[in-house]
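The values are calculated or read from the model by the stated rules, or taken from the named source; none is laboratory data. For clarity, every value in this text was computed on a predicted model and none was experimentally measured. So basically every Cβ, Gly included, is an ideal-geometry build from the backbone, and we count neighbours across all protein chains shown. Surface accessibility is based on the protein's heavy atoms, side chains included, excluding ligands, DNA and RNA. Shrake-Rupley method; radii C 1.70, N 1.55, O 1.52, S 1.80 Å.
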Amino acid sequence: MKVTVVAILETEFKQEQALAKIMNNRLQRAAKELQDFHFAGLSVRRSSAHYLTVQLSYNQKYKIRYRIMNDVPSDVEFLVAESCSRLGYILWKSMVAEHTRQAW
C-alpha cells in the first residue's frame, strides 16, 4: 500500500509572517512523521486499496485535523484514526459530511 500524508498549508488565517512559517513547518513535520513512522507498517501491507492519502490541516483554533481522502478498508481507517487521536489530532469534518448527516 502506498501511503501519502499531505500537509495543507494555511494561508487564509490572518497571522504574522513569522508565526505562519512556524505553524506551517510544524504541520509539514507532523505529516512527515505520520507517513514515515506511524503509518510505516501500512507500506508493506497488501490490501485491496493500493493507496492511502491523508490530509493534515489546522482548524480555526490551530488544532491539527486529519481526513482520509480515498476509500480504504475499515481496519486501515481505524488504524489511521487511532494513530491520529493518540497524537492529539482531530477528525476533519467536511461540509459534505455535515450536510449529509443533517439530511438524515
inquiry  = Take the residues in region 75-104 that are modelled with pLDDT under 90 and either closer than 16 Å to Glu10 by Cα or among the polar types (S, T, N, Q) (or both); name whichever of them is farthest from the chain's Cα centre (by Cα).
reply    = Gln102
query = For region 47-87, how many residues are of a type outside the set (Phe, Trp, Tyr), in a helix (DSSP H, G or I) and over 15 Å from Leu27 (Cβ atoms)?
reply = 11
Residue satisfying all of: in region 3-53; at pLDDT 80 or above and among the hydroxyl-bearing types (Ser, Thr, Tyr); most open to solvent (accessible area, probe 1.4 Å) among these = Tyr51
key: Flag if Asn59 is closer than 14 Å to Val6 by Cβ, of a type in the set (S, T, N, Q) and either out of contact with any Asp or Glu (no Cβ under 9 Å at 6 or more places or on another chain) or modelled with pLDDT of 90 or more (or both)   = no
query = Quick check: is even one residue across region 14-36 in contact (Cβ under 8 Å) with a residue 12 or more places away in the chain and in a strand (DSSP E or B)?
reply = no
